[in-house]
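Shown next, in structure tokens, is the structure this report addresses.
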Amino acid sequence: MLSNDPHVGSPRSRVDGPAKVTGRASYAAEFKATGLTHGYILSSAIPRGRIRAFDLAAALAVPGVLQIFTHENRPQTAWFASSYRDQVAPPGKPLRPLYDAEIQHSDQPIALVVASTFEAARDAASLIGVTYERAPHETDLERARHDSYEPPKKRSGIAPPPDPKGDATAAFGGAPIKVSAEYSLATEHHNPMELHGTTVVWESGGKITVHDKTQGTLNTQGYVTSVFGLSSDDVRVVSPFVGGGFGSALRPHHQLFLAVMASLVLERSVRVEMTRTQMFSHVHRPQTINTVAISADPDGHILSLQHNAVAATSRYEDYQENVVNWSGMLYHSEATQLGYELAKLDIPTPGDMRAPGAPTGLFALESAMDELAHATGIDPIELRLRNYTERDENDDKPLTSKELRACYAEGAARFGWSRRKMTPRSMRAGKELVGWGMASGVWEAMMMKSSARATLGRDGRLEIACAASDIGTGTYTILSQIGADALGLELDAVTVKLGDSSLPMAPIQGGSWTAASSGSAVTLTCRSLCETLLKHAKAVEGSPLTEAAIEDVAFNGGMIRLRREPDRAVSITDALAAAGLDQIEAEETASPGLIAPMRRASYTHSAVFAEVHVDEQLDIVRVTRVVSAIAAGRILNPKTARSQIIGGVVWGIGMALHEETMTDHRFGRFMNSNLGEYHVPVNADIDGIEVIFVEEHDDKVNPIGVKGLGEIGVVGTAAAIANAIHHATGKRIRSLPITVDKLLAA
Amino acid sequence: MTLRTLAPDDKIGITISLNGRPVQVEVDTATTLLDLLRNHLALTGTKKGCDHGQCGACTVLIDGERMNSCLKLAVMMDGREITTIEGLAEGDELHPMQRAFIERDAFQCGYCTPGQICSAVALVEEGHAHSREQIRELMSGNICRCGAYPNIVDAIEDVMAERRGQFREAAE
Ligand code: FES
Ligand code: FES
């Protein structure tokens, strides 16, 4: 009777599935409001300079146009750039939309037309005349890299490269085997399927409800109150569903600013949604150039490791991510030197994009390791095992757990790695060359402070509430599972409310930390709810539980039972009825331990194996198989977990073969800012992805032993594919994406 | 055919069959079917991902065929039969494709999902896909940035197998 299957750890369908497959789930630009008006953004046609004049006459004459906002007539907003900084802002001065005549990047928002219909706003925006005063611009990283610099102010949460260890240059100079090369990654854009949009609902009394595409309702709320001088009582942010984030919705974007501004001035509800092209006018993964040099003895033991990167950022902010530090974590080396610099371009500020920095840096490191394997004639897995480390060598800390060996072993077995022939171009299938490559992956396992509230009704229904977002990661589902198990309920007796700034505090949904953070908060909250429940159950007349401590009882099937004698029990309904209560409530906060992270580091790991087929004449590459073996602690829901890793692998395939935002440097503008020309993988590109979760027990990382899954799937995938392409063709392509032209030219 | 000159804010009346019900609306000639559904008729299940016919998020069924509703002007829909994601379920009874999508976890964020499901329903009807590879090819007009592709193919295969089973039963 005590043995009903736990929900946690079992595959469960998404609890928000029915809402999503019927179209009932509402995203930011879909909320209704009476008298809703529509805003359309006009974007700058030049990358740098000033606006000399607007000609608004024709646009204003379009029937239905209510107002056109520009820097000349915008209302007063916060004066200091610092008021525009949000929770995740890097050092610098954030772009203040419509602030003045200055243009800092192409497609910068320069005007907002508000009209009674979307069609009128769009039409009017096309009729606005703008005279610009151009200034010289630079968008080419190849040129700007010569003026690179170490960011003077570090971004909070991003560790700068560690101090050098040993003398890597000298060790490299005297080493018998060396590899050294430059590896680069093109600019990439997140392109979630949902466009960035905001619906501001003008409520009575001047309050606003903001439906924003955001990975953090509290971050949006903080930004709006700070910029517009409002109190948090006047601004509620409600975003229950987010149509993909991948980091693009961590920071507030200009459509939020514009919609709120227009709503406050017009005292009406306003919706502003970007176009797909405008989705290329803000955050993106920065173009990055890596230089890696590794030396080894003939047995493949690393003697020195150097990894330096130069990444693009905007003129106005120093965006930073961890590109090179991974190289000090994966392998043992006595002499290590890591460096990370930025170069300024006239572009919007880059930002966090799925596993920010990790696939960028690991493409370089893991390609170089493959080159080393080739140079020493050692099998790529064997080479990695010979250099395996059990510590984070950057900070010389032990780890809470690391089952990467198991990832190598189980992944290799599933993939059939032992049948791989060492020599490139030695495997074929018909007219196609076949290549097998592998790479390792690593990502941080983090936990942030989060709160949750749980309410249990007399009817045995549990409601869990938390401000966290579910951007498609499955948060609704895993929190339901945790709550259901804690109180021994069926999954459908639990309702989870998320994405609302009025609910208990949660961090932005990023960094793969939501399961660990909000999951821990729900665990603690339910524990305290159980204690209250037991207290009431004891007070029931004739209660068999009077002497029972919390460890002596089990919550199961709507009952509180004695573990030793499960037939002796009190029902939830009776316990609350006896106390004269309709419901009981608990709210708790889970915080990361203060001491533990200082002593130990925590990471998720992966081993990725890829098979490619390459047409020998045309050099067209297809990824035919990927095995991704993941060590990420406890897996709460194998079904949604597998989907998350598959999604990450699909991203890795896109990074390896397709994704590239191209710039025409003469005009300082992106050329392919649409989904027809910015290629993301489609269904025909994807097949044969297998996911393995290796057993990893970790009781130190956080109270529930999970490490997070949002990022690790993408991390090593592009490198594994690049290595497979080398194995198939003998061609080493060191710049992503690996397109046909690069292969033909090699 | 009589030609008529329109003033900028002139509207034209059309009648469509929408999810089985007749709907009469006055539309601006610049309004797409997608915006008609989302902005004017409050049917937001059909999604806007690009507005340029490049992503498939806006897929609906027009006279049973899958189409990108962002590429159709509403005014040209007069007399057509349109089914959106909101019209697939019979009351509380989900369409088999909707059930299969949930069962196979064929989505994450859910934003491409209505388009994928409409597209998949039509794909099965078209009867051209006989293998996984053909399903993948014929579903490639619908982008899923969450990368749910393998699960989408699994869901479609399930529904096809279910249908084959039903045909066999009916034939026996
Ligand atoms: S919105 Fe119609 S194809 Fe993208
Ligand atoms: S489920 Fe998110 S885009 Fe497909």
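The values are calculated or read from the model by the stated rules, or taken from the named source; none is laboratory data. Predicted, not measured: the structure shown is a model, and the values here were computed from it. Glycine also receives a Cβ, built like all others from the backbone with ideal geometry; neighbour counts cover every protein chain displayed. The area values use the complete protein model at the heavy-atom level, side chains included, leaving out ligands, DNA and RNA. Shrake-Rupley method; radii C 1.70, N 1.55, O 1.52, S 1.80 Å.
Once all protein chains are placed together, residue A:156 keeps about 110 Å² accessible to a 1.4 angstrom probe.
A Cβ-based charge dipole, computed about the Cα centre of the protein assembly as shown with Lys and Arg at +1 and Asp and Glu at -1, lands at about 920 debye. The sum of -39500 (n - 2.57) across all DSSP H runs of n ≥ 4, divided by the residue count of the protein assembly as shown, sets its helix-only mean residue ellipticity at 222 nm to -8000 deg cm²/dmol. Under a cut-off of 29 Å between alpha-carbon atoms, report the lysines in cross-link reach of residue A:535, not counting same-chain residues fewer than 8 places apart. Answer for residue A:535, where 29 Å is the Cα cut-off: A:449, A:497, listed by chain and number.
Run the numbers on chain A and let me know its relative contact order in percent, using alpha-carbon pairs under 8 Å that are six or more apart. Relative contact order comes out at 17 percent. When segment A:153-280 is described by a simple charge dipole with +1 on each Lys and Arg Cβ and -1 on each Asp and Glu Cβ, the residue from A:180, A:200, A:216 located farthest towards its positive end is A:180.
The accessible-area ordering, largest first, of the residues A:261, A:446, A:662 stands as A:662, A:446, A:261, per a 1.4 angstrom probe. The candidates A:169, A:37, arranged from most to least accessible area with a 1.4 Å probe in the full protein assembly, appear as A:169, A:37.
Over chain B, Cα pairs under 8 Å with separation of 6+ residues give a relative contact order of 21 percent. Note on segment A:448-591: with charges restricted to the Cβ of Lys and Arg (+1) and Asp and Glu (-1), its dipole about the Cα centre is near 220 debye.
Could you list, in their original order, any pairs among A:707/B:47; A:178/A:397; A:213/B:72; A:397/A:700 whose Cα atoms are separated by more than 23 Å? Cα-Cα > 23 Å for A:707/B:47; A:178/A:397; A:213/B:72; rest within.
Seen from all directions on average, chain B presents a Cα convex hull projection of 11.8 nm².
Hey, what D do you get for segment B:11-87 in µm²/s if you plug the Kirkwood alpha-carbon radius into Stokes-Einstein at 25 °C and 0.890 mPa s? D, rounded to a whole number, is 205 µm²/s. Leaving ligands, DNA and RNA out of it, report the carbon-plus-sulfur percent of the accessible area of the protein assembly as shown at a 1.4 Å probe. Taking all protein chains in place, the protein assembly as shown shows 49 percent carbon and sulfur surface. Note on residue B:170 and residue A:589: the model spin-label points, each 7 Å out from Cα along the C-beta direction, lie 6.2 nm apart.
Against the criterion of solvent-accessible heavy-atom surface with a 1.4 angstrom probe, A:202, A:651 sort, most first, into A:202, A:651. Measuring only protein heavy atoms, the 1.4 Å probe finds residue A:332 accessible over about 70 Å². Taking every C-alpha pair closer than 8 Å and separated by at least 6 residues, the mean separation divided by the residue count of segment B:96-171 gives a relative contact order of 46 percent.
For segment B:96-171, the share of alpha carbon pairs falling in successive 10 Å distance bins from zero is 20, 56, 20, 3, 0 percent. Along the axis of the charge dipole computed for segment A:448-591 (Cβ charges of +1 for Lys and Arg, -1 for Asp and Glu, origin at the Cα centre), the listed residues A:529, A:504, A:481 are led at the positive end by A:504. Given R0 = 35 Å, the distance between the Cβ atoms of residue A:746 and residue B:161 translates into a calculated FRET efficiency of 0.20. Projecting the Cα positions of A:328, A:261, A:348 onto the charge dipole of segment A:244-352 (unit charges on Cβ atoms of Lys, Arg, Asp and Glu, taken about the Cα centre) puts A:261 furthest along the positive direction. Rolling a 1.4 Å probe over the protein chains gives residue A:715 an accessible area of about 0 Å².
Solvent-accessible surface of the protein assembly as shown, averaged per residue with a 1.4 angstrom probe and all protein chains in place: 37 square angstrom. Computed from Cα atoms alone, the Kirkwood hydrodynamic radius reported for segment A:448-591 is 15.3 Å.
Against the compact-protein benchmark of 2.2 N^0.38 Å, the Cα-based radius of gyration of segment A:488-568 scales to 1.38. Computed about its Cα centre, the charge dipole of segment A:364-436 is approximately 600 debye, with only Lys, Arg, Asp and Glu carrying charge at their Cβ.
Taking all C-alpha pairs of chain A, those more than 43 Å from each other amount to 31 percent.
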